[in-house]
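Only one structure is covered here, and it is reproduced in the block below.
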Amino acid sequence: FVICNDSSFRSQPIIFNPDFFVEKLRHEKPEVFTELVVSNITRLIDLPGAELAQLMGEEDPKLPGANSTASGFFRSLMSLKRKEKGVVFGSPLTEEGIAQVSQLIEYLHKNLRAEGLFRVPGNSIRQQILKDALNSGTDIDLDSGEFHSNDVATLLKMFLGELPEPLLTHKHFHAHLKIADLTLFDEKGNKTSTPDKERQIEALQLLFLILPAPNRSLLKLLLDLLYQTAKKQDKNKMSAHNLALMFAPHILWPRNVSTNDLQENITKLNNGVTFMIKHSQKLFKAPVYIRECARLHYLGSRAHTSKDDLDLLTSSGSKELQPLKSQKRSRLDSCHQEETQQRTEEALKELFRHVHNMPDSAKKKKLIRQFNKHPAALTPGSEVPTSPAPRRARSRSFSGLIKRKVLGTPVILERKSRDTTPEPARVSKENVQLLQKCGSPAHVSQAKLKTLEGRKEESCRRMRALLLSKDSSSL
């Protein structure tokens, strides 16, 4: 579980379950959930068609020794015993039964130092009194000193042994045998005798996900108790292997099956329970890819996977958090837009400075015309280039051609002379080149400017005379 200490939720701590979407998918769409988990189980272990159908509940499980005469005798004997079953002992596993038995588990957590716990039998009379009290639903004070820890431990094993089927169910029996065979491969791809612990843990995680909810809840309580018991083996002399020998017949062995029927698999089953006890703290967490698939099933996007678990509240329909998240996102979006716009304007200003410092050319003029369309791109201290003078509408007639050739240049020169605010952009190209060579306008003498203007007027007069002579000859 993850505790959120966000400033907007300081009023009370909020606890989130990392497997929230996994549990949601399990309860709301069990068929989709089972198909998802089983497809990954078959990826890890090889289950033939019959064993896979048994795991899915499509066929009745075929257990070892199921056709023998002895098994039939044991089955009839157990059915007679279950006719006198109570509310807890001998009944199918229910939440009420788990609530009663959890009292025994809580008491044993406080008394794990008793030597030979779960191995040394307790007093049969005290056990019967305690059993009747649990079946009737009477409140029991186990801390009163009336009962010994060995009485409680033996009664817990008795409860598990009287269940109609083992805690891990008959359907999962063949899958557990296959998990015990998962071993590592060498460099050449051959199997070794070394167990592949990572694959075994992953397979058990998946298998526990499709257990019935009451079975999974009690299994978690039980394995945690056995794990804590094994940690104190220096006091109680009960290792994980010793505990597995005590509990494997009750939680994994098939019911109504003799020891001879399981002769080939007893070692595998005992080692499998030992492995569960040692790694019990990892087995009840859903694999990461199952969490991801369940999350995507409800959210439909990978955008939420990188965020905090606060998204769980939004997706589960929390109306109080929705306005807070929308306001936060709107603030982030506005800040992002302002930052992006500011960067764009700075880049355009830097580009304009670069273009403005380029030598005069047709390309420079073209770029400046484009910048004139976006005045915001200029720097605060830069001057806006003057827009080009509007062109006169050209006449397509012959007389218009003569007027444009003969009178066009003087009119333009006259308009230029009337302009009272000369700007650097209207200086002729020759003068601009002269300014660049000299470094500043102060170095240019008035005489040189007059000389240049005189040469330009002389060339214009020659051009007009040439055009007039050609037009009169044609007329």
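The values are calculated or read from the model by the stated rules, or taken from the named source; none is laboratory data. Since this is a predicted model, take the numbers as computed values, not measurements. Because the Cβ atoms are built from the backbone with ideal geometry, glycine has one as well, and the counts that use them run over all protein chains shown. Remember, those area values only see protein heavy atoms, side chains included, never the ligands or the DNA or RNA. Shrake-Rupley method; radii C 1.70, N 1.55, O 1.52, S 1.80 Å.
Residue-wise test of (1) among the hydroxyl-bearing types (Ser, Thr, Tyr); (2) part of a helix (DSSP H, G or I).
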residue: 87; (1), (2): no, no
residue: 129; (1), (2): no, yes
residue: 138; (1), (2): yes, no
residue: 147; (1), (2): no, no
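In contact (Cβ under 8 Å) with a residue 12 or more places away in the chain, among the acidic types (Asp, Glu) and over 28 Å from residue 62 (Cβ atoms): which single residue out of 196, 224, 186 fits that description?
From the options 196, 224, 186, the qualifying one is 224.
Does residue 221 satisfy the condition of being under 31 Å from the mean Cα position of the chain (by Cα) and under 18 Å from residue 173 (Cβ atoms)?
no
For segment 265-296, give me each residue that is charged (D, E, K, R) and touching a residue at least 24 places away in the same chain (Cβ under 8 Å).
Answer for segment 265-296, where residues must be charged (D, E, K, R) and touching a residue at least 24 places away in the same chain (Cβ under 8 Å): 268, 278, 282, 285, 291, 295.
So, residue 256, is that one under 30 Å from residue 149 (Cβ atoms), among the polar types (S, T, N, Q), in the same structural domain as residue 172 (by the TED database) and crowded, with 18+ Cβ neighbours inside 10 Å or not?
Judged against the criteria, residue 256 is not a match.
Go through (1) in a helix (DSSP H, G or I); (2) within 21 Å of residue 241 (Cα to Cα); (3) without any contact (Cβ under 8 Å) to a residue 60 or more places away in the chain; (4) of a type outside the set (A, V, I, L, M, F, W, C) for residue 176 and report which single condition fails.
(3)
Counting just the residues of segment 133-169 that are charged (D, E, K, R) and open to solvent by 60 Å² or more (accessible area, probe 1.4 Å), which one comes out farthest from the chain's Cα centre (by Cα)?
146
Does residue 292 qualify as being of a type in the set (Asp, Glu), open to solvent by 30 Å² or more (accessible area, probe 1.4 Å) and modelled with pLDDT under 90?
no
Give the residues of segment 112-132 that are open to solvent by 30 Å² or more (accessible area, probe 1.4 Å) and under 14 Å from residue 226 (Cβ atoms), sorted by residue number.
The one that is open to solvent by 30 Å² or more (accessible area, probe 1.4 Å) and under 14 Å from residue 226 (Cβ atoms): 119.
Just a yes or no: is a residue in segment 183-196 farther than 22 Å from residue 256 by Cβ and open to solvent by less than 30 Å² (accessible area, probe 1.4 Å)?
yes
Might you check whether a residue that is of a type in the set (Gly, Ala, Ser) and either part of a strand (DSSP E or B) or outside the structural domain of residue 252 (by the TED database) (or both) occurs anywhere in segment 182-198?
yes
Return the residues of segment 144-181 that are polar (S, T, N, Q) and either assigned by the TED database to the domain that holds residue 43 or under 15 Å from residue 249 (Cα atoms) (or both); say none if nothing qualifies.
154, 169
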